[in-house]
Structure formats: C-alpha cells, structure tokens
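Step one of this worksheet: look at the structure below.
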Amino acid sequence: MHAHSQASGYPDAARNVMQLALWVFAWVATLALASFGPTHLWDSHAGASWIAILGNIAVGVGLIVVHARYLKTLDELQRKIMMDAMAVTLGAGLVGGCAYGAAANIDLISRDANIGYLILLMGVVYVVATIAGNIRYR
C-alpha cells in the first residue's frame with residue numbers, strides 16, 4: 001500500500017513542476033513585454049508601459065505563491081537542498097549587489113549599473129548550490 005501511495009505522488013509532482021514552469025514562462029513573457037513593448041509595440045506610451053509593469057508584478061506575485069506551494073510539496077531533503085541554495089543565492093546577491101554598487105559609486109566601474117549582471121550572478125549561484133546540495137546529500 002505504501003508503494004502505491006508513493007507512486008501516485010509522481011503525477012502530482014509532475015503537475016506541480018509543470019504549473020511552476022508555466023508561471024515562470026508567464027513571468028518571463030510579461031517581463032519581456034514590459035521591457036521591449038515601449039520601443040517595439042506602443043512607442044513609449046507611459047500608460048501602456050505602466051500597465052505592462054503592473055502586469056509583470058502581478059504575475060510575479062503569482063509566481064512567488066506557486067513557488068512557495070511547490071516547495072511545500074517537496075520531501076524534507078529536497079526542501080532543505082532548495083532552501084540552502086536559496087540562502088546562498090540571497091547572500092551572494094546581497095554581497096555581490098552591494099559590492100557592485102560600491103564599485104560604481106567610486107568610479108571603479110561604469111555608473112550605468114545593469115541589474116542583469118546581478119540576476120546572472122544569482123542564477124549561476126543558485127544552480128551551482130542546488131547541484132552541490134544534491135551531490136552532498138546523495
């Protein structure tokens with residue numbers, strides 16, 4: 001009976017991952033719309049730009065809620081690995097972002113700071129920390 005309940009959890013897990021993936025895709029799509037729409041779709045009309053940004057924020061909040069629900073569906077070990085990876089990522093983002101800002105403020109680097117570098121740093125740190133956690137707890 002235990003094997004049956006364990007096996008029946010796989011469709012639920014796949015559904016949860018698919019739901020999370022759809023929300024990530026929707027968020028990226030609304031971010032692209034907010035980023036590129038003003039120059040390619042509506043000629044920098046402020047009202048349309050604000051609507052696109054607010055839509056991106058709304059979808060982002062939905063993504064956060066779905067991600068939190070997804071984390072609750074994981075087993076304890078996977079949840080620990082993910083939470084540890086997120087903790088390292090938050091720390092790297094804070095330290096890296098503050099160092100980047102400080103370097104820009106004292107003209108060591110261009111003052112045209114680009115948030116994309118911080119997002120890239122955090123993405124790489126998260127992937128590496130997740131892989132390291134999975135290897136650590138094999």
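Between T73 and V61, residue separation times 0.36 nm minus the direct Cα-Cα distance comes to 2.4 nm.
Per-residue 3J(HN,Hα) values for the stretch 56-62, derived from phi via the Karplus relation 6.51 cos²θ - 1.76 cosθ + 1.60 with θ = phi - 60°, read 5, 5, 4, 5, x, 5, x Hz in sequence order (x marks Gly and Pro). Charge dipole of the chain (Cα centre as origin; +1 on each Lys and Arg Cβ, -1 on each Asp and Glu Cβ, all else neutral): 420 debye, rounded to the nearest 20. When each of the peptides 131-138, 95-102 is scored by how many other beta carbons lie within 10 Å of its residues on average, the order from highest to lowest is 95-102, 131-138. Of the residues V95, V59, L31, the one whose Cα sits farthest toward the positive end of the charge dipole of the stretch 1-103, with +1 on the Cβ of Lys and Arg and -1 on the Cβ of Asp and Glu, is V59.
Residues in the stretch 17-27 carry Karplus couplings, in order, of 5, 5, 4, 4, 4, 5, 5, 4, 4, 4, 5 Hz; the curve used is 6.51 cos²θ - 1.76 cosθ + 1.60 with θ = phi - 60°, and Gly or Pro positions show x. Relative contact order of the chain: 22 percent, from C-alpha pairs under 8 Å at least 6 residues apart in sequence. Taking label positions 7 Å along the Cα-Cβ direction at both A132 and S44, the computed distance is 4.4 nm, reported to one decimal.
Applying the Karplus relation 6.51 cos²θ - 1.76 cosθ + 1.60 with θ = phi - 60° to the stretch 104-119 yields 3J(HN,Hα) values of 5, 5, 9, 6, 7, 9, 4, 6, 7, 4, 10, 4, x, 5, 5, 5 Hz, where x marks Gly and Pro.
Since every read-out is calculated from the coordinates, none of them should be taken as a lab result. Quick caveat: nothing in here was measured; it's all calculated off a predicted structure. We place every Cβ from the backbone using ideal geometry, glycine too, and count neighbours over all the protein chains shown.
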